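Chemist: The structure is given below, and queries will be raised subsequently.
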């Protein structure tokens, strides 16, 4: 066994133990102070994002990502104080991040699209939209997927990447909407009377807005009918009720007024040949 005399022990203590202890204490202080600073930065960023009226889910997610990144930086600085080669550590973390990114390309695409949806807000929870090839009421906008409730009450889960890469129609974005309806009447009917009847019905419906003014006009002369367009403006919430109610009311009123609604039909004419036989 190697015997250490007092001088050797003193040298070992002052050359190795004391410097390492000092570096360890400094590293711990760096970590503790760094964690405190990170928490304060996260609070400030969270307050700033909340004032910007970003979605709460997005704010929490961004705070978590920023906290993880800043904490990793604090750990690397603390380890460098202990003499750890952080260059290789950073390289390993970068390589691991690249590998994970390549293996999760689809998920990262959905994540990026989710962030864009939460930042730019083309729709919000409760809106009726046509997005990602599906139509329904938005229930929740997540980081990776958006869930909707269809008209017949089915749950629809759509990847955010599919939504953001396609066109989005938000039926609830505007306070008012125009209801486009078309009604056909017979060529034998008095079109002035038809127009007056439709105008009277529109004026009596309290859901119809006066500004913009509703439009009632002959749109086309069809093969078997004269087609009228009726385009009233209503509140967005009254769109479907008025469409259904008014369509039913038109049929009832036309019957009362003797106005006919023609349907496609085919006339077959039989001709006799000179021999008297029908071809």
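Chemist: Test of understanding: among 155, 149, 178, which residue is closer than 30 Å to residue 117 by Cβ and in contact (Cβ under 8 Å) with a residue 24 or more places away in the chain?
Modeler: 178
Chemist: Ok, one more. When you scan segment 170-192, how many residues do you find that are in contact with a strand residue (DSSP E or B) (Cβ under 6 Å, 6 or more places away or on another chain), surrounded by fewer than 13 Cβ atoms within 10 Å (Cβ to Cβ) and farther than 21 Å from residue 225 by Cα?
Modeler: 0
Chemist: A further question follows. Can you spot a residue in segment 34-45 that is within 30 Å of residue 163 (Cβ to Cβ) and either at pLDDT 80 or above or assigned to a helix (DSSP H, G or I) (or both)?
Modeler: yes
Chemist: In addition: For segment 64-162, which fully contained strands (runs of 3 or more DSSP E) count at least 1 residues that are at pLDDT below 90?
Modeler: Per the criteria, 134-141, 145-149.
Chemist: Every residue in segment 113-146 that is surrounded by 14 or more Cβ atoms within 10 Å (Cβ to Cβ) and either more than 20 Å from residue 167 (Cβ to Cβ) or without any contact (Cβ under 8 Å) to a residue 24 or more places away in the chain (or both), please.
Modeler: Listed by number, the residues that qualify are 124, 135, 136, 137, 138, 139, 142, 143, 144.
The values are calculated or read from the model by the stated rules, or taken from the named source; none is laboratory data. Not measured: the values here are computed from a predicted model. Positions of Cβ are backbone-derived with ideal geometry, glycine not excepted, and every protein chain shown enters the neighbour counts.
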